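The values are calculated or read from the model by the stated rules, or taken from the named source; none is laboratory data. Quick caveat: nothing in here was measured; it's all calculated off a predicted structure. Cβ: placed from backbone, ideal geometry, glycine included. Neighbour counts: every protein chain shown. Surface areas here come from the heavy atoms of the whole protein model, side chains and all, with no ligands, DNA or RNA. Shrake-Rupley method; radii C 1.70, N 1.55, O 1.52, S 1.80 Å.
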Amino acid sequence: VQLQAFGGGLVQAGGYLRLSCAASGSIFRFNIMHWYRQIPGKARETVAGITSSGTTYYTDSVKGRFTISRDNAKNTVYLQMDSLKAEDTAVYYCAAAVGGWSPTYWGQGTLVTVSS
């Protein structure tokens, strides 16, 4: 299984980006698909997730600003990030959990830099 994350870049505070995570094969086999992020020197943290049935969750700091969605036909999960803040600067990773919550597969990271 390969997960390819892309869409990162440099954006000004208040701006937006959309991250994509393309899977090699159907994403129906995954119980949950997650987005995580990691700031240099800090632990990786969960950002958002979406289950195979479409239920979503968000960490408190991104609620109301980020939206996770999935396109099953394209085997892709998206993270729409609006009203970006400098503290959103991080490397963002997508991950897929085959069963339960914990990720089974990880994609490579994509860097998001928000300038203030």
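Quick look at the values:
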read-out: Relative contact order (%) - criterion: Cα under 8 Å, at least six apart; region: the chain; value: 37
read-out: Those trypsin sites (Lys or Arg not before Pro) in the stretch 57-116 that DSSP places in a loop and that have at most 13 other beta carbons within 10 Å; value: Lys63
read-out: Computed Kirkwood radius, in angstrom, where 1/r is averaged over Cα pairs of the chain; value: 13.9
read-out: Partners for Lys42 among aspartates and glutamates (Cα-Cα distance below 14 Å; same-chain residues under 8 apart left out); value: Glu87, Asp88
read-out: Accessible-area composition of the chain, carbon plus sulfur, in percent [1.4 Å probe]; value: 51
read-out: Longest exposed-site-free window of the chain, the sites being chymotrypsin sites (Phe, Trp or Tyr not before Pro) in a DSSP loop that have at most 16 other C-beta atoms within 10 Å; value: 17-100
read-out: Filtered trypsin sites (Lys or Arg not before Pro), the stretch 29-62: DSSP coil and at most 12 other beta carbons within 10 Å; value: Lys42
read-out: Förster-model FRET efficiency, 25 Å R0, Thr46 and Asn72, C-beta, rounded to 0.05; value: 0.70
read-out: Local net charge near Gly8, Cβ-Cβ under 12 Å (Lys/Arg +1, Asp/Glu -1); value: +1
read-out: Rounded accessible area per residue of the chain, 1.4 Å, Å²; value: 49
read-out: Lysines whose Cα lies under 19 Å from that of Lys63, excluding same-chain neighbours fewer than 8 positions away; value: Lys85
read-out: Signed unit charges on C-beta, dipole axis of the stretch 60-108, positive-most listed residue Gly100, Gln80, Val62; value: Gly100
read-out: Percentage relative contact order, the stretch 45-88, counting C-alpha pairs under 8 Å, at least six apart; value: 28
